[in-house]
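The values are calculated or read from the model by the stated rules, or taken from the named source; none is laboratory data. If you're wondering where the values come from, they're calculated on a predicted model, not measured in any experiment. Quick reminder, even Gly has a Cβ in these numbers, built from the backbone with ideal geometry, and neighbours come from all protein chains shown. Just the protein is used for accessible areas: all its heavy atoms, side chains included, with ligands, DNA and RNA removed. Shrake-Rupley method; radii C 1.70, N 1.55, O 1.52, S 1.80 Å.
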Amino acid sequence: MPITENKKHLAAGLSSILFSLSLLPQHAEAFWPFSWNNADAQEVSVVPSASTAALVAPINIDPGADPDIPLATSGDAALVAYSGPSGTVSDVIDMPSTDQISVYVVRPGDTLSDIAKMFNVSVNTIIWANNLKGPKDIKVGDTLAILPVSGIRRTVTKGDTLQSLAKAYGADANEIAQYNGLDPHEPLAVGSTVIIPGGEVNSVATAPISKKHTRKTSGAEPYLGGGGPLIAGYYANPAPGSHLTQGLHGHNGVDLGAARGTPILAAADGTIIIARNGGWNGGYGNYVVISHPNGTQTLYGHLVNAIVVPGQGVNQGQVIGYMGSTGKSTGTHLHFEVRGAKNPFAH
């Protein structure tokens, strides 16, 4: 192609480019100011002062959440984690309801007062149920059973003593003193309120398991109870061949009597949450608690010994211990409770 022709093509191309540039905006701004010239750059520093607003971390991972919803705390002290290491609320087995037994693993910084507030029970409830010497007798890693204590609430009247209350309600004077933090050698203050752990207004006569029982209802029993709907066929007899030696009492419990050493069986499939050998344990002596898939619990008290461990899965009919007379017991028997459903042996 001749050189003259090339020049014509180049001139035409240049004209097109210049025309395109003329169509572009003559001024543009970025989303934030900047400079290509280092000399124009200025260092900005913030010096905290009384008039400087502090940086505030988000209080919720959801920036659109309601800011008025407070974070949960434990005893108005420590924040409660909903998931995390062992010992936080996420690791509490069966948070307390009206009749469920809870298990709590002591974590760093815990005090018995904080734990008691978390579960809405008294400090003495935890001391009494775990054989503690006092409020400071806990250490990190300890597993505490938190019992919704069964018993009687009583306003002290003139003439009441620990011994008279124990006799009237079938309880133990020393146990009443320990639970309420009382000096057994000091008189009771008239007008004060005491809890009588394990106290019962009425007792039921001994009879074979096949006989039906009626329960007197006179007198208030604010700490007795438990129970719930009838779940037919769910719970098997934990002590086959035994006899009903006491009807419904305590915390939805019955007593089944047989020879010492009689195998005690899991009433239904589940997971062991408590297995205690040694100690008073709130009057249960050596005892086992099983958590079941249907949301209920069964308790087996006064054993010679338990042969299972917490966290172990068991099947219905599996041996979990042997009948004895430990704790608050006047003879060999199994104290069997159902928490969250009707006790199938409470006729």
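Considering each of GLY321, GLY311, GLY327 in turn, give the residue that is touching a His at 6+ places or on another chain (Cβ under 7 Å) and either on the phi > 0 side of the Ramachandran plot or open to solvent by less than 10 Å² (accessible area, probe 1.4 Å) (or both). Steps first, please.
Numbers: GLY321 fails: touching a His at 6+ places or on another chain (Cβ under 7 Å); GLY311 fails: touching a His at 6+ places or on another chain (Cβ under 7 Å).
Only one candidate passes the filter, namely GLY327.
Please find, within the stretch 169-198, the residue that is surrounded by the most Cβ atoms within 10 Å (Cβ to Cβ) out of those that are free of Cβ contacts under 8 Å to residues at least 40 places away in the same chain, in contact with a Pro (Cβ under 8 Å, 6 or more places away or on another chain) and under 14 Å from ARG153 (Cα atoms).
Initial filter on the stretch 169-198 (free of Cβ contacts under 8 Å to residues at least 40 places away in the same chain): 169-171, 173-174, 176-177, 182-192.
Next cut, in contact with a Pro (Cβ under 8 Å, 6 or more places away or on another chain) only: 171, 173-174, 176-177.
Those still in the list that are under 14 Å from ARG153 (Cα atoms) too: 171, 176-177.
Working: ALA171: 23, ILE176: 27, ALA177: 18.
This residue is ILE176.
Suppose we keep only residues that are touching a helix residue (DSSP H, G or I) at 6+ places or on another chain (Cβ under 7 Å) and at pLDDT 90 or above within the stretch 153-168. Which one would you say is surrounded by the fewest Cβ atoms within 10 Å (Cβ to Cβ)?
First, the residues of the stretch 153-168 that are touching a helix residue (DSSP H, G or I) at 6+ places or on another chain (Cβ under 7 Å): 154, 162-163, 165-166.
Those left that are additionally at pLDDT 90 or above: 162-163, 165-166.
Working: LEU162: 24, GLN163: 11, LEU165: 19, ALA166: 19.
Taking the candidates together, the pick is GLN163.
Give the stretch 221-274 a look and list any residue that's assigned to a loop (DSSP other than H, G, I, E, B), among the polar types (S, T, N, Q) and at pLDDT below 95, or say none. Lay out the reasoning, then the answer.
Start the filter on the stretch 221-274 by keeping residues that are assigned to a loop (DSSP other than H, G, I, E, B), which leaves 221-242, 250-252, 258-262, 266-269.
If we keep only those that are among the polar types (S, T, N, Q) as well, we get 237, 242, 252, 262.
Selection gives ASN252 alone.
Within the bounds of the stretch 163-170, is there any residue that is basic (Lys, Arg) and either touching a Leu at 6+ places or on another chain (Cβ under 6 Å) or assigned to a loop (DSSP other than H, G, I, E, B) (or both)?
Within the stretch 163-170, none of the residues are basic (Lys, Arg) and either touching a Leu at 6+ places or on another chain (Cβ under 6 Å) or assigned to a loop (DSSP other than H, G, I, E, B) (or both).
Out of the stretch 102-150, which residues are open to solvent by 40 Å² or more (accessible area, probe 1.4 Å), outside any loop (DSSP other than H, G, I, E, B) and more than 18 Å from ASN281 (Cα to Cα)?
SER113, LYS117
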